[in-house]
Amino acid sequence: MERHEYPPAGVVHTADCEDAPPGLLTLPAQALRGSHDRPHRCVNSAAVAANRPLVIERVAYEPHPYEESTIHPVDATKPLCRTCRGTHGVDPAAYRPQQPTLLLPR
C-alpha cells in the first residue's frame, strides 16, 4: 500500500443544511465513509443510513504547528494533526494564509 499526505480536513454537511456553502458538488453519504473530514451537526446516522447527498466545505485554518493526534489512517504518512486533520506534508505553505504582496510605485 502506498502512503500519502492528507490535506487539511473540511466540514461535511447535508446538501440541504443552511450552513452548507451553495453550489458545491454533492456526493452520496456512503461515498464519504472513509473520509477524514469532520461532520457538521447536520450529519447524523439517519442521514448516512439514508445515503443522503453531502457536500464538503473546505476550511482555511490559521497557521499552526503539527500536533500529532490519535487518528492514523493506514495509508497516511503519519498521524493526522490534532488541529486540522492533515499531515502537514511536503508543502507547509499550503497551511498558511497567503500574505498580500505590497507593490510600491517607482
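The values are calculated or read from the model by the stated rules, or taken from the named source; none is laboratory data. Since we're looking at a predicted model, the values are computed, not measured. Because the Cβ atoms are built from the backbone with ideal geometry, glycine has one as well, and the counts that use them run over all protein chains shown. Side chains are part of the model used for accessible areas, which takes the heavy atoms of the whole protein and leaves out ligands, DNA and RNA. Shrake-Rupley method; radii C 1.70, N 1.55, O 1.52, S 1.80 Å.
Entry note, the stretch 10-58: relative contact order of 63 percent, from Cα contacts under 8 Å with a spacing of 6+ residues.
Under 12 Å from the Cβ of GLU67, count the other residues' Cβ atoms, weight Lys and Arg +1, Asp and Glu -1, and hand me the total. Value of the local net charge: +2. Full extension of the segment from ALA50 to GLU5, taken as 0.36 nm per residue of separation minus the current Cα-Cα distance, would add 13.1 nm.
Looking at the stretch 10-58 alone, DSSP beta bridges between its own residues are antiparallel in about 75 percent of cases.
Need one word for the stretch 10-58: rounded, prolate or oblate. Basis is the Cα gyration tensor (sqrt eigenvalues a ≥ b ≥ c); a/c below 1.5 gives rounded, then a/b vs b/c decides.
rounded
Amide H to amide H, with H built 1.01 Å from N, LEU54 comes under 5 Å of ALA15, LEU27, ALA29, counting only residues 5 or more places away or on other chains. Using a probe of 1.4 angstrom and keeping all protein chains present, the accessible surface of the stretch 10-58 works out to 61 square angstrom per residue.
For the stretch 10-58, carbon and sulfur atoms together expose 54% of the accessible surface, with a 1.4 angstrom probe and every protein chain in place. Here the peptides 11-21, 68-78 are ranked by packing, the mean other Cβ count within 10 Å, and the order with the highest first is 11-21, 68-78.
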